[in-house]
1. Restricting the first residue to the stretch A:50-76 and requiring it to be without any contact (Cβ under 8 Å) to a residue 40 or more places away in the chain and in the same structural domain as A:Leu121 (by TED's automatic domain parsing), which pairs with a second residue that is of a type in the set (Phe, Trp, Tyr) and part of a loop (DSSP other than H, G, I, E, B) meet a Cβ separation below 8 Å and a spacing of at least six or different chains?
2. Hey, which of the helices (runs of 4 or more DSSP H) in the stretch B:1-103, taking only ones fully inside, have at least 2 residues that are in the same structural domain as B:Val141 (by TED's automatic domain parsing), on the phi < 0 side of the Ramachandran plot and more than 24 Å from the chain's Cα centre (by Cα)?
3. Any idea which residue in the stretch A:289-305 is farthest from the chain's Cα centre (by Cα), counting only those that are outside any loop (DSSP other than H, G, I, E, B), of a type outside the set (S, T, N, Q) and modelled with pLDDT of 95 or more?
4. Condition first: among the aliphatic types (A, V, I, L, M) and under 27 Å from the mean Cα position of the chain (by Cα). Now tell me which residues in the stretch B:140-159 satisfy that.
5. Considering only residues of the stretch B:93-119 that are of a type outside the set (Val, Ile, Thr) and in contact with a helix residue (DSSP H, G or I) (Cβ under 7 Å, 6 or more places away or on another chain), which is farthest from the other protein chains (Cβ to nearest Cβ)?
6. For the stretch A:179-226, enumerate the residues that are β-branched (Val, Ile, Thr) and within 14 Å of chain B (Cβ to nearest Cβ).
7. So which residues in the stretch A:212-235 are closer than 23 Å to A:Pro356 by Cβ and crowded, with 20+ Cβ neighbours inside 10 Å?
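The values are calculated or read from the model by the stated rules, or taken from the named source; none is laboratory data. These figures come from a predicted structure and were not determined experimentally. We place every Cβ from the backbone using ideal geometry, glycine too, and count neighbours over all the protein chains shown.
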Amino acid sequence: MREQGVLTTADLEDLALGCAVYGTGGGGDVSGESLAAFLALKAHGDVSLVRMADLPPDGLILPLSMIGSPTVGQEMLGSGREAAAVREEVERLTGRPVAAVMAMEIGGANGVAPVGWAAQLGLPLVDADGMGRALPELQMVSMHVAGLEPSVVVLVDALGNLATLRPVDAAWAERWGRALCVASGSSALLADHLLTPADHGAVVHGSVSRALEAGRVIRTAEEPMDALVTALGARRLLTGTIEDLDRDTDEGFVRGSVTVSGRGLDLGRELRVDLQNENLVAREGESVLASVPDLISICDTRTGIPIATESLRFGQRVTVIAWPCDPLWRTARGLETAGPAAFGYPHPYVPVETLPERNSR
Amino acid sequence: MSRRTAPWLRIGIDVGGTNTDAVALDSDDRLVARAKRPTSDDVTGGMRAALAVVLAELGARAGDVRSVMVGTTHATNAVVGRRDLAKVGVLRIGASVTAAVPPLADWPEDLHRAAVAGTAQVDGGHLIDGYPVAPLDVEAVKRFLGDLAGRAQAIAVTGVFSPVHPEHELRVADLVRTELGPGVHTSMGHQIGALGLLARENSTVLNAALRPTVAAVTSALGHALDEHGLDVATYFTQNDGTLMDAAHADRFPLLTIGSGPSNSLRGAALLTGLAEAVVADVGGTTTDLGVLVDGFARESAAGSVIGGVRTNLPMPDVLSIAYGGGTVVYEDRTGPESVDRAITAHALVFGGATPTLTDAAVFAGRLTLGDRARLGSGPGGRLKAAVEDFDQHLSEAVSLVSHGRRDQPVVAVGGAAGLIPATVDGHSVERPRHADVANAVGAALALVSGEHETVVPAGSGRLDALEEARETAVARAVAAGADPVGTAVVRIREVPLSYGGRRSIRVAVKAVGPLAAPS
């Protein structure tokens, strides 16, 4: 049993699995980040996992994420000095010590890496994040939905280049941040939306604990797929075989889809999942069964292990599941930021749990 | 595939943990000779023995043999057993941008001891767009190589983004030649694998470490063929069930790992004509269950781990249960220990004193071999229970790999295929002729492949670049021996490399084709 409030190397396997679940297909392969976090914990000791409310009222929280291409992140692993450089710059700019690290994005590699960064910096990790899932753009964060501006953005790359941006709004933070990221070889560590516990309404709480729990369920349950569905409060959309993978790379952006043919109780049904790094929309015929910002995961039916977008293969036996996003994404501003329209879809958003069920389970 | 050519034969050899099998197939894929010999401790002896039997059976037709294909477990055994490995100097280029995880950080200690002479990280390498991280630190490379002189038999060099920008790895290979001489081999990451530094680096080091093991097999095979006066093309089967020539196997021994399950799945497909099935390969120690999808092995979704090390090698998705022909039947349990190759000395029906699953199957009437009378005529007790244990675990495993889908038959192959009951978990069971040498058949009929991986620009240049990548993959397959007529691209994987700004796409293309008839 894990000691309450402390993250050790023994937690990393569960965390990595859970972050892959919340990565909904995107967010990159977590194995490299897991190893980096493991080495950091071994070298610097365990990390406390704290609630935002447990920090002093003026405690400065540093939300961190790697931006760029996950594929590049698996190649350019980083110098290991990036987090320290960002902290130093933030403390210089604000004149205050950083009190804790927070994951900006719990889904994928960005959910695992902050454990290592916290260990390197000797700081606690806040049990919260800025998404409750994975999303592709900088303004697609809870702070933006809550109306906070990214007044200061600090970027550092593996070579040590560091930039401080003062963008006029979140859209410009994205535009400028991306431009620098590309110059750095499509990988950089970024801190934005510096917080204090007073901003408790601007984050998704409990994200790290939930990821740990999802991972534990997959690792230990006798029927991992069933147990994961229960743990997430998810809906099983379809169990079947990957029948087709279609990737349209016009404009350089992968907008693809995967078609899953039903087996067993779902025989005769067919589900199509649209992907754009993350799984965005699941459809049966013309009917939407689940849609962003709700979470959609394609899991190996036997093991319950979620399959990353780039690891999907013809013939895999998979179960497609979907579950509700954090309520903040269902507000008007939340949907404007990361709802169907933000990804170019014309369909209205309907919460997954209120859509009619299709299968016989 | 009946083309108008002179009669020609090919021989498939499968080196398993218990037996070494060899088959000869004619140009219409008919099996014309076969042999099964115990795998020898040195592995090579069993291969020569099986080959000798097949050639003797062929008689005068032995002269029509044009190619020999081998599936070997030598490399797997070497890594898992931590033996016969070369000592490797491990060099990473791109220290400043990759130091967060140093080389071999998650390697098991015993493998590290067995295969590594030293490690170093030096400056150099490129960003994804080709901009240099730093010039290659040639002096640091020379110092490292100097330290290793006399201690390392091979060098493994992996540079950041080397699959896209291999220059610095090539420069290191030059330096190894000048500093350490031509006797020290260099494995270069860009030739071993895809993007994903750690998995590529691990694969590159294992590849370098495996050189002597597989080189011993390729040269032993060469000698054995010379002894019989055969001047034939020699191939080895790869993890994905396709062929590479012996020279390629010498340079990329890592690729032979995983070829066993691939061969058995391909062999089962070819012997039954089935494209979709569960294949149960029953050996001496384990029963390995794989799934055929479109006539090929279903690939594992999880990354492949070899001897405790994560690699970038695609592997067939195989579930093994610890029941085989040699599994020992105890008073209170069945296995997992196995008498393995010593079955003919130990099993009761062969006059031995150790009850095995083979005895249990003879008792149950599934097998007819040895002396049934030695098992007595009583109710059977543990022998009966052992068969029930096996059936129950087999049913569970088949249900798992088939996801409860019972419309697929189970194909029983392998030396102990007779252990499989008449139906398994509601699946019908197919028992093709020559099922006991399915792996060797799979090896003989394996396709030739060529792969090419590159990064192409997104947008307007993409289609041209993609076409070029396809042509390169096909050309590589043909160069490896594929018939240009039947060679086609079977897989294209595209992965975007950035979200914003200049976008590019990593493309991996694979082409396969049947082995060309000899000219």
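1. From residues that are without any contact (Cβ under 8 Å) to a residue 40 or more places away in the chain and in the same structural domain as A:Leu121 (by TED's automatic domain parsing), the pairs are A:Glu75/B:Phe161.
2. It comes to B:95-98.
3. Checking each candidate, the answer is A:Leu289.
4. Across the stretch B:140-159, the qualifying residues are B:Ala152, B:Ala154, B:Ile155, B:Ala156, B:Val157.
5. Ranking the candidates gives B:Ala117 first.
6. If the condition is that a residue be β-branched (Val, Ile, Thr) and within 14 Å of chain B (Cβ to nearest Cβ), then A:Val182, A:Ile218 are the ones that fit.
7. Answer for the stretch A:212-235, where residues must be closer than 23 Å to A:Pro356 by Cβ and crowded, with 20+ Cβ neighbours inside 10 Å: A:Met225, A:Leu228, A:Val229, A:Leu232, A:Ala234, A:Arg235.
Yes/no per residue for (1) more than 11 Å from chain B (Cβ to nearest Cβ); (2) more than 19 Å from the chain's Cα centre (by Cα); (3) more than 22 Å from B:Gly94 (Cα to Cα); (4) not in a helix (DSSP H, G or I):
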{"position": "A:Asp58", "(1), (2), (3), (4)": "yes, yes, yes, yes"}
{"position": "A:Ser65", "(1), (2), (3), (4)": "yes, no, yes, yes"}
{"position": "A:Thr71", "(1), (2), (3), (4)": "no, no, no, no"}
{"position": "A:Glu75", "(1), (2), (3), (4)": "no, yes, no, yes"}
{"position": "A:Ser79", "(1), (2), (3), (4)": "no, yes, no, yes"}
{"position": "A:Arg87", "(1), (2), (3), (4)": "yes, yes, yes, no"}
{"position": "A:Leu93", "(1), (2), (3), (4)": "yes, yes, yes, no"}
{"position": "A:Val101", "(1), (2), (3), (4)": "yes, no, yes, yes"}
{"position": "A:Glu105", "(1), (2), (3), (4)": "yes, no, yes, yes"}
